[in-house]
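Some notes on the structure that comes next.
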Amino acid sequence: MSEWTLLLMFIPTFFLISVSPGLCMMLAMSFGASLGVRRTLWVIGGELAGVGLIALTALLGYTRVLAEQPVLMQGFKYLGALYLLWMGIASWRGGGQQGTSRQEDSGRLALVLRGFTVAISNPKSWLFMMTLLPPFISPSLSAGLQTLLFVALVILIECVNLLLYAYGGQRANRLLEGQGRGDLLGRVSSLLMMGVAGYWLLT
């Protein structure tokens with residue numbers, strides 16, 4: 001199999017993994033619904049920085065430490081679950097227009113850090129990057145060039161999907177607001193976050 005065939009196989013494989021509902025996608029949808037796509041770009045920027053860092057460390061082999069130390073991986077898992085649970089509870093308690101106003105008051109740096117923290121503490125991202133990326137590396141090509149190429153592809157694909165979720169959240173929120181149910185999407189997102197957190201804590 002040629003190196004380019006391997007690369008072409010990676011693109012749809014990672015796209016399908018990336019577009020599936022997860023912590024980062026739910027966050028983009030939630031912020032898109034409450035703040036709009038333009039404001040959510042700061043959150044997406046933080047998420048992309050986190051995902052890019054995870055991809056880079058996976059390709060450089062540093063995540064082997066996590067794979068060989070299951071206690072560390074469990075720590076990442078529980079940290080991500082607790083953070084997600086806190087976000088879900090805070091979002092539920094601040095539902096409706098009041099919750100939206102508080103998010104709008106967040107500065108750009110706070111939004112970037114919010115996205116970065118969620119991405120870097122997501123155990124799903126670490127597990128997928130550790131298992132998915134290394135098999136696509138070809139020993140006959142420059143390791144540095146392949147690392148840059150795969151990290152760029154990961155960021156690009158993730159960016160497209162995050163924008164789709166943010167736009168979908170914005171459109172859904174406008175539709176619900178037109179029906180006088182503007183807080184419904186936020187409530188559903190909060191329940192999803194708490195549900196995923198509970199699953200991580202119990203498994």
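Is it the case that the stretch 159-167 has a residue that's open to solvent by 30 Å² or more (accessible area, probe 1.4 Å), modelled with pLDDT of 85 or more and farther than 17 Å from residue 44 by Cβ?
Of all residues in the stretch 159-167, those open to solvent by 30 Å² or more (accessible area, probe 1.4 Å) come to 159-160, 163-165, 167.
Retained after the next criterion (residues that are modelled with pLDDT of 85 or more): 159-160, 163-165, 167.
From what's left, farther than 17 Å from residue 44 by Cβ: none.
No, every residue in the stretch 159-167 fails to be open to solvent by 30 Å² or more (accessible area, probe 1.4 Å), modelled with pLDDT of 85 or more and farther than 17 Å from residue 44 by Cβ.
What pairs come out if I take residues in the stretch 86-97 that are farther than 16 Å from residue 35 by Cα and of a type outside the set (D, E, K, R) and pair them with residues that are modelled with pLDDT of 75 or more and open to solvent by 30 Å² or more (accessible area, probe 1.4 Å) whose C-beta lies under 6 Å away, six or more apart or interchain?
From the stretch 86-97, the pairs are 88/194.
Determine if the stretch 58-65 includes at least one residue that is at pLDDT 75 or above, at negative phi and open to solvent by less than 70 Å² (accessible area, probe 1.4 Å). Break it down into steps so the answer makes sense when it comes.
Applying the first criterion (at pLDDT 75 or above) to the stretch 58-65 yields 58-60.
From what's left, at negative phi: 58-60.
From what's left, open to solvent by less than 70 Å² (accessible area, probe 1.4 Å): 58-59.
Yes, because at least one residue in the stretch 58-65 is at pLDDT 75 or above, at negative phi and open to solvent by less than 70 Å² (accessible area, probe 1.4 Å).
Can you work out which of the residues in the stretch 3-48 that are open to solvent by 50 Å² or more (accessible area, probe 1.4 Å) and over 27 Å from residue 139 (Cα atoms) is nearest to the chain's Cα centre (by Cα)?
Among those residues, the one meeting the criterion is 21.
The values are calculated or read from the model by the stated rules, or taken from the named source; none is laboratory data. Here the structure is a predicted model, which means the values were calculated and not measured. Ideal geometry is used to build each Cβ from the backbone, glycine not excepted, and the neighbour counts take in all protein chains shown. Ligands, DNA and RNA are excluded from the accessible area calculation, which covers all protein heavy atoms including side chains. Shrake-Rupley method; radii C 1.70, N 1.55, O 1.52, S 1.80 Å.
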